[in-house]
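This report refers to the structure that appears directly beneath it.
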Amino acid sequence: MKAVKTAPDVASSYAHQVDNLYAYLLGVSIFFTIAICALIIYFSVRYRRQSDADRPEATKDGKLLEILGSVIPFVLVMIMFFWGAKLYFDARIPPKDSIEVLVTGKQWMWKLQHPNGKREINDLHVPVGVPIKLTMTSEDVIHSFYLPAFRKKMDVVPGKYTQMWFLPEKTGEYHIFCAEYCGTEHSLMIGKLIVMEQQEYAAWLAKSWTDGNTPVAAASDDPASAGKEIFEANCTVCHTGKPGAIGPDMMHAFGTMRQLEGGEEILMDENYVLNSMNNPNEHIAKGYPAAMTSFKANLSSTQMKQVIAYLKSQSEASAE
Amino acid sequence: MNDSAKTEPKLNYLNAGNTVKSWLFTVDHKRIGVMYLASIVVFFLVGACAAALFRMELATAAPDVFSNDTYNKLFTMHGIIMVFFFLIPAVPGVLGNFLVPIMIGAKDVAFPRLNLASWYIYMLGGSFTLAAVLLGGIDTGWTFYTPYSSVYADSNVILAGTGVFITGFSSILTGLNFIVTVHKMRAPGMRWMRLPLFIWAQYATSIINILGTPVLAITLLLVVFERGFGFGIFDPAKGGDPVLYQHLFWFYSHPAVYIMILPGFGVVSEVLACFSRKRIYGYEFVAFSSLAIAAIGFFVWGHHMFTSSQSEYAALIFSILSFLVGIPTSIKIFNWTATLYKGSIELTAPMIYTLGFIGLFMVGGLTGLFLATMAINVHLHDTYFVVAHFHYVMVGGMMMAWLSGIHFWWPKMFGKMYNEFWAKVGAVVIFFGFNFTFFPQFIAGYMGMPRRYHVYDVAYQPFQMLSTAGAFFMGAGLIICLVTLVASLFRKESCGSNPWKATGLEWTTADSPPHPHNFEAPVVVDVEAYDYTDERIYQDA
């Protein structure tokens, strides 16, 4: 019989940092639990009632205990707050050189797509030592992409994109769980993260996509090229950045800040583009009329995703 | 007093009328309290049976007892019944109804008919929810997250949601009743700073009930409308926002945690004072910290949503406020412990429950700090760590406090003393059974096991097995407790009006069981709360 494991795998230095913070909280908790329990037991024995006539002398309410009892916990929990918030915020923005994998949650499977279009279901192959950025959305209910070995989790929400990233530092296989209850087979919405050596990953990525359980995918499955067709059929008249066009440039602006009417600024990201197709008049770009109509009825959510992928690929190309 | 037991029994609220009608149409707050006790125990047993069934399934990693759908329905039923039909009404409905008027020297609550209506509304809501279970169940989890609940779930969401919606009005009306009663009906001399801490806790709870419950009602109504009539409030396919649901739901359901636990704080304060023969250390602080917790408790709901895609900066504010709620709570624990210092301590059954409460609630509170810490929350959210945390607060805290209160005021309610030995055995078995059940879940959660999993990775099996064994151990404790209490009702001898020699109007001035009008003469209060040097409490036998 295997030994019982009592701690999760550690697959990144971030996971290790979270564990250190966890150890601090555990220390504080164990100290107070033992101290209070010991006092309760000691008092219960030391001051047990001897007889009905037994009347304790009145003890005065001391201010000291109230003050110490507030100040010491306050200091201890503020350390927890700042430490926890710093770790969280430091690890918030994915590094520029991340590999982006598209994640789609669907009752009850994870659909994953690599930058070259290669698809997987439930298994995710990634290279060691390279940050992986997951851009995630759901086709039905709320799911949550959870990598316990990396101490990371993010909800996968229908109707919008969420993001998380991690840096795999050890090769091996790790759990992918759906952490948000999503119905009948919630507990089967699990997968494997396979962290490989970089050459192995490159070979795996280039290999024909017909082997094993990996679903077949054609080159046209590449979401950016599908998106190109849709964009050219629907959007180029206004949105390619030609002088005098009715709409703002969408082709070369992904990832930049956009000025809006009224002085606000907004980041042109997946959620912005998606929202602009569905509700074009919610954010009007500065200097342009509110002339666009919604594409909600014309484009499916998959097609909208392809358009986004195309715009992203165009901006990346123009940045290089 | 000893003589009167042998002659004609004195008039009390129990023997004032024996017909079913005299119970169902009563406006006596004490009888309503007893009716709540009976109905809440039934709901508790239904919820506990559901837990026993899914704990059997979870003993091993493989699916071996129930199908996934049945499992999902069982944990949903457990959650909905325990939260809305046991935890929330247990202390206010039973002990609050019975004690609030007596403790402040009043004849009844301010609106006795409304009080009876609360019970009927509670039963009506309960019937809807039980009907949802009997007609095939509901599988959304007690949290009813959208769009699963409003669009995708294939079970009785509308029926169960309506049941919870209706029951909410019973909380609101009870809260309203208590607030008015405490303001307007205190006996002469019962100043605010002389109120028992139980009253302060009920008062703070009532405020949350009135402010928070309407939000839950609105939210559930929107879910029902979206499901029934296709409204697009939460469904993204219609332009709705599923995360908005979570904000609305937790805006009520986080304060609801304080609705559940604050009355427990009140019980514990009474029991500790009585069995240490001392005034609660830092009375004013304990009284006002209940109000502080009630107020801050309304601004921490976002700590349930750190991974939901809410703004990171909102999460930052929710995190720091959650830590700040911990401070008044921790001082309460210090004050309770300090009350024992140089006391005259008697380890009766209610006292064992109360001391157990302090230990378990403290673990629940401390593990709450883990979940308030942003970076750690991301890892632990929706894992068994959260399950263990809230069971330490809700069962280790609230249920232990409720049982402590039931044992403490049982002789007051029924005039009979139970077998102390078996009551203590029950308390100790429940305490250890509880720890066996829920402590292993902290480890499973830290190891990454998500909650609400029907089948799971075999690495988590040792913890789940321990947990199942502990649950049945704890169940045995609950059965001992129930049998001991029920058996006491068949005893012949009366326990006297103040068997614990406790202070407080309910013990020193009222009979056990009390007169239908609580007191035979108008009450005037001339002592502080918890004055254990007052000779009067030791004269009565």
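The values are calculated or read from the model by the stated rules, or taken from the named source; none is laboratory data. Values in this document were obtained by computation on a predicted structure and should not be read as measured data. Neighbour counts run over all protein chains shown; Cβ positions are idealised from the backbone, glycine included.
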Have a look at B:Lys501, B:Lys492 and point out the one that is over 27 Å from the mean Cα position of the chain (by Cα) and assigned to a loop (DSSP other than H, G, I, E, B).
B:Lys492
Go through (1) over 24 Å from the mean Cα position of the chain (by Cα); (2) of a type in the set (Phe, Trp, Tyr); (3) at pLDDT 85 or above one by one and return the number of the condition A:Tyr201 breaks.
(1)
Looking at B:Met465, B:Met449, can you tell me which residue is at pLDDT 95 or above, under 30 Å from A:Asp9 (Cα atoms), of a type in the set (A, V, I, L, M, F, W, C) and touching a strand residue (DSSP E or B) at 6+ places or on another chain (Cβ under 8 Å)?
B:Met449
Checked segment B:302-323 for anything within 25 Å of B:Gly359 (Cα to Cα) and either more than 8 Å from chain A (Cβ to nearest Cβ) or of a type in the set (Lys, Arg) (or both); matches are B:His303, B:His304, B:Leu321, B:Ser322
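Results for (1) acidic (Asp, Glu); (2) farther than 24 Å from B:Thr383 by Cβ; (3) assigned to a helix (DSSP H, G or I), shown as yes or no for each residue.
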{"site": "A:Lys5", "(1), (2), (3)": "no, no, no"}
{"site": "A:Tyr22", "(1), (2), (3)": "no, no, yes"}
{"site": "A:Phe32", "(1), (2), (3)": "no, no, yes"}
{"site": "A:Val45", "(1), (2), (3)": "no, yes, yes"}
Are any of the residues in segment B:157-180 on the phi > 0 side of the Ramachandran plot and either touching a Phe, Trp or Tyr at 6+ places or on another chain (Cβ under 7 Å) or not charged (D, E, K, R) (or both)?
no
Out of the residues in segment A:59-71 meeting the condition of being assigned to a loop (DSSP other than H, G, I, E, B) and more than 7 Å from chain B (Cβ to nearest Cβ), tell me which one is nearest to A:Arg151 (Cα to Cα).
A:Gly62
Exactly one of A:Val28, A:Val18, A:Val4 is at the interface with another protein chain (Cβ under 9 Å from one of its Cβ atoms), in contact with a helix residue (DSSP H, G or I) (Cβ under 7 Å, 6 or more places away or on another chain), within 25 Å of A:Lys170 (Cα to Cα) and surrounded by fewer than 18 Cβ atoms within 10 Å (Cβ to Cβ), and that one is A:Val4
Given B:Gln441, B:Gln464, which one is touching a Leu at 6+ places or on another chain (Cβ under 6 Å), part of a helix (DSSP H, G or I) and either more than 10 Å from chain A (Cβ to nearest Cβ) or under 30 Å from B:Asn498 (Cβ atoms) (or both)?
B:Gln464
Identify, please: which residue in segment A:44-103 is of a type in the set (A, V, I, L, M, F, W, C) and farther than 28 Å from A:Asp19 by Cα and is, among those, nearest to the chain's Cα centre (by Cα)?
A:Leu102
Index of the failed condition, A:Phe74 passing every other in (1) within 7 Å of chain B (Cβ to nearest Cβ); (2) touching an Asp or Glu at 6+ places or on another chain (Cβ under 8 Å):
(2)
Yes or no: segment B:334-343 includes at least one residue that is more than 8 Å from chain A (Cβ to nearest Cβ) and within 26 Å of A:Lys153 (Cα to Cα).
no
Within segment B:40-71, residues among the hydroxyl-bearing types (Ser, Thr, Tyr) and in a helix (DSSP H, G or I) come out as B:Thr70, B:Tyr71
Does B:Trp402 satisfy the condition of being closer than 23 Å to B:Ala48 by Cβ, buried (at least 22 other Cβ atoms within 10 Å of the Cβ) and more than 9 Å from chain A (Cβ to nearest Cβ)?
yes
Need the failing condition index for B:Ile280 against (1) part of a helix (DSSP H, G or I); (2) in contact (Cβ under 8 Å) with a residue 60 or more places away in the chain; (3) of a type in the set (Val, Ile, Thr), just the number.
(1)
Taking segment B:238-267 and keeping residues free of Cβ contacts under 8 Å to residues at least 12 places away in the same chain and outside any loop (DSSP other than H, G, I, E, B) leaves B:Lys238, B:Leu244
Residue pairs, Cβ under 6 Å, 6 or more apart or interchain, first in segment A:11-26 and farther than 17 Å from A:Tyr146 by Cβ and touching a residue at least 40 places away in the same chain (Cβ under 8 Å), second part of a helix (DSSP H, G or I) and of a type in the set (Phe, Trp, Tyr). List them.
A:Leu21/A:Trp83; A:Leu25/B:Phe370
So, in segment B:188-230, how many residues would count as being part of a loop (DSSP other than H, G, I, E, B) and out of contact with any Lys or Arg (no Cβ under 8 Å at 6 or more places or on another chain)?
5
